[in-house]
1. Among the residues of the range 10-35, which ones are at pLDDT 85 or above and of a type in the set (A, V, I, L, M, F, W, C)?
2. Determine, yes or no, whether Tyr19 is closer than 18 Å to Ile104 by Cα and out of contact with any strand residue (DSSP E or B) (no Cβ under 6 Å at 6 or more places or on another chain).
3. Output the number of the condition that His43 fails; it satisfies all remaining conditions of (1) open to solvent by less than 90 Å² (accessible area, probe 1.4 Å); (2) part of a helix (DSSP H, G or I).
4. Keeping to the range 18-69, report how many residues are among the polar types (S, T, N, Q) and farther than 20 Å from Ile6 by Cα.
5. Hey, among Gly74, Gly87, Gly67, Gly91, which residue is more than 22 Å from Leu37 (Cα to Cα), assigned to a helix (DSSP H, G or I) and open to solvent by less than 80 Å² (accessible area, probe 1.4 Å)?
6. All but one of (1) closer than 19 Å to Ile104 by Cα; (2) open to solvent by 40 Å² or more (accessible area, probe 1.4 Å); (3) within 11 Å of the chain's Cα centre (by Cα) hold for Trp56; which doesn't?
7. Within the set of pairs 6+ apart or on separate chains, which have a first residue in the range 22-34 that is farther than 13 Å from Gly91 by Cβ, a second that is modelled with pLDDT of 85 or more and of a type outside the set (A, V, I, L, M, F, W, C), and C-beta atoms under 8 Å apart?
Amino acid sequence: QISLLIGFISVNNSSWTDYSAYSFFQIVTMCDLVMILFFYIMHIFRVYRKLTCVSWPLAEFLHYLIGTILLLIGSIVAAAKSYNITGLVAGATFGFLATILCVISMWSSYKVSCITQSTSKYR
C-alpha cells in the first residue's frame, strides 16, 4: 500500500507528457488503495462474520487479481511514456514494485484461505 501511495505521489507531482497514460495510472493506484483500505476495514471490524452471503476469500482473491493486472498494465504504459522524467520513472518503478507485492499478497491470501481449508477437511 505504501509503494502504491509513493507511486501515486511521484506521478502526481511530475510534469506530464501524456495525460491519458498517467491519468490511467493514477486511477488504478487510487482504486487499489481504496479497495485495500476497504478490505482492511472489513477485517478490523470483523464485518465478514456478519455478511456470510459473500465469499470473502474469493472476493479478496479477485480484488488482488484484477488490481494486479490493471496495475501491471498501468505501470507498463507509464514506463513506456516516461521520457526519462525522474518522477514518472519513479512512479512506474513503484508501480512495478506494488505489482510484485500484490502478486505475493495474492498468493499468500490464496495459500492461507484455500489450501489450509482444503487440507483441514481431510483430517
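1. Phe24, Ile27, Val28, Met30, Cys31, Leu33, Val34, Met35
2. Criteria not met by Tyr19.
3. Looking at each condition in turn, His43 falls short on (1).
4. Here the count works out to 2.
5. Matching residue, one of Gly74, Gly87, Gly67, Gly91: Gly87.
6. (3)
7. Short answer, once both residue conditions are applied: Cys31/Gly67; Asp32/Gly67.
The values are calculated or read from the model by the stated rules, or taken from the named source; none is laboratory data. Everything quoted here is computed from the prediction, not taken from an experiment. No Cβ is skipped: glycine too gets one built from the backbone with ideal geometry, and neighbour counts run over all protein chains shown. Side chains included, ligands, DNA and RNA excluded: accessible areas come from the protein's heavy atoms. Shrake-Rupley method; radii C 1.70, N 1.55, O 1.52, S 1.80 Å.
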